[in-house]
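In what follows, a structure is listed as C-alpha cells, so that the remarks can point back to it.
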Amino acid sequence: MTLDHTSSTHPLLPPTTEDQRFDWLRLLRSRRVGISTFYRLMHDHGSASAALVHLPDIASTAGVENYQICPEAVIHAELSAARSLGATLICRGDPAYPARLAELDDAPPMLWALGSANILSKPQIALVGSRNASSLGGRMARALATGLGEAGFVVTSGMARGVDTAAHLAALTTGTIAVLGGGVDVLYPAENTKLAEDIVSQGGARISEQPMGLQPQARHFPARNRIISGMAQAVIVVEAAARSGSLITARTALDQGRDVMAVPGHPFDARASGCNMLLRDGARLVRNAEDVIEALAPLAEVIDPPSPELPLVEPCGERPLAEIAKLHQTILDRLGPSPMGEDQLIRDLGAPSRIVSPALTDLELEGRINRQPGGLISRIG
C-alpha cells in the first residue's frame, strides 16, 4: 500500500511539531480512547487536532453523554514531569521507535523512554518468567542473558521480581530494556529501584506507554507484555506456572509471529508447568544461549534505525466508531464471570472472527475482559 507523504499531518506519519505531539498525547489520554480508537480517529479526521474537535460529538453518537476530552492541564503536567525526569516521548514513525513494534496493528502510538533511545533499534530477545523463581531458574535466566548479551542481543523484560530481575542484572553491561506496567518514572517493585537506575546509567532504557506517574495495576500488564514480545525477535520463558503472565506473553508472541522458546523443568515443579506446556505445544526447547542463537537468523553487523519516512501499517478498517462501540457492548453483554470459549462467543454473535477478534483484543487491553488458557474468555467486573 502506498501512502501520500506530502503532508506532515498525515495520520500515519509522526508529529513534527510540539503542538502536534501535544495533541497526539491529549487525544490518546482522553477517556475511552484506546489504541484502536486513536488510530481510527486519526484515519477518519487526518490529524489529532481535528479528531479532538469531533470527539465529543462522536462520543455522543456512541451513547456517551457529557463527554469531556482530556484537559490541557493534564497534558502540560505530564510533559512537565517528563522534562524533570529527562524522559523522551517517542512517537510511532520516529527514527527511535522500535521497528518490530511498529509492525503491529496495536502498536502504542507513543512511548515514554528514559535512557538510551538508540538501544531500542538493536536486535532484542525477551526473557520472562516466574516472579517466584527458584534458585535454578534465576541461575538459568542469568546464564541466558549473559550469553545472549555477549552475542549482540539486547535483553528485554518487565523488571518484575524473579526471572525478570535476574535477566536485567546479567545484561546490564551488554544492554537491557525494561518495559514497565506503570509510568516510566514509577519504580516497581521498590526493591528494584537501584536496578532501574542502573539500567539507565549503564546504557539501557526504561520505557512505558502509560502516563507519567501512573501506578501499575493488574489490568496494565497484558498491554505491557505485548510490548515486550512485540519488540523482540523471540521470547524465552524460563519458569512459568500453568496460569501466569509469562504464558500470556508467550501467547501474545505467537499471535505476533515471534519465536517462542522455553526452558524445560521437572514435571513435579509447579513453576515449570507452564514451560512444559509450551514445549508440549511446539515451543523450541532451550538449554543455553547457544540453542537460542542457533535457532535465529544470524545478526547483521549493524542494525539501521527505521527511516521516519517509511509508511506505517494502517491498523484500522473502515467500520464507524459507533459500530465498534456497539460491538464492544454486545460482547460484554454476552460475557459473564464464568469463562466461555472464544469460538462459542463468535458463533453466538454470528459475526466473522476477523471482526470479533480485534474487538476482543481491544477489550482485553482496556482491562474489561480476561483471556485464559484454552481459548476461554470472561468479563471483568
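So the values come out like this:
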item	result
Cα→Cβ-extended label distance, 7 Å offset, between GLN372 and VAL64, nm	3.0 nm
Top positive-direction residue, dipole computed over the chain with Cβ charges, set THR252, TRP112, ILE90	THR252
Compactness relative to 2.2 N^0.38 Å, alpha carbon Rg of the chain	0.98
The chain - charge dipole about Cα centre, Lys and Arg +1 at Cβ, Asp and Glu -1, debye rounded to 20	1100 debye
Rounded to the nearest 20 debye, dipole of region 235-298 from Cβ charges on Lys, Arg, Asp, Glu	220 debye
Principal axis dimensions, region 1-148 - Cα atoms, whole angstrom, descending	57, 36, 34
FRET efficiency, ASP281 to GLN344 (Cβ-Cβ, R0 30 Å, nearest 0.05)	0.90
Residue-normalised accessible area of the chain, given per residue in Å² at a 1.4 Å probe	45 Å²
Percent antiparallel among DSSP beta bridges (both partners in the chain, rounded to 5)	40 percent
The chain - percent of accessible surface contributed by carbon and sulfur, probe 1.4 Å	52 percent
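The values are calculated or read from the model by the stated rules, or taken from the named source; none is laboratory data. Quick caveat: nothing in here was measured; it's all calculated off a predicted structure. In this analysis, Cβ positions are derived from the backbone assuming ideal geometry, glycine residues included, and neighbour counts consider all displayed protein chains. The area values use the complete protein model at the heavy-atom level, side chains included, leaving out ligands, DNA and RNA. Shrake-Rupley method; radii C 1.70, N 1.55, O 1.52, S 1.80 Å.
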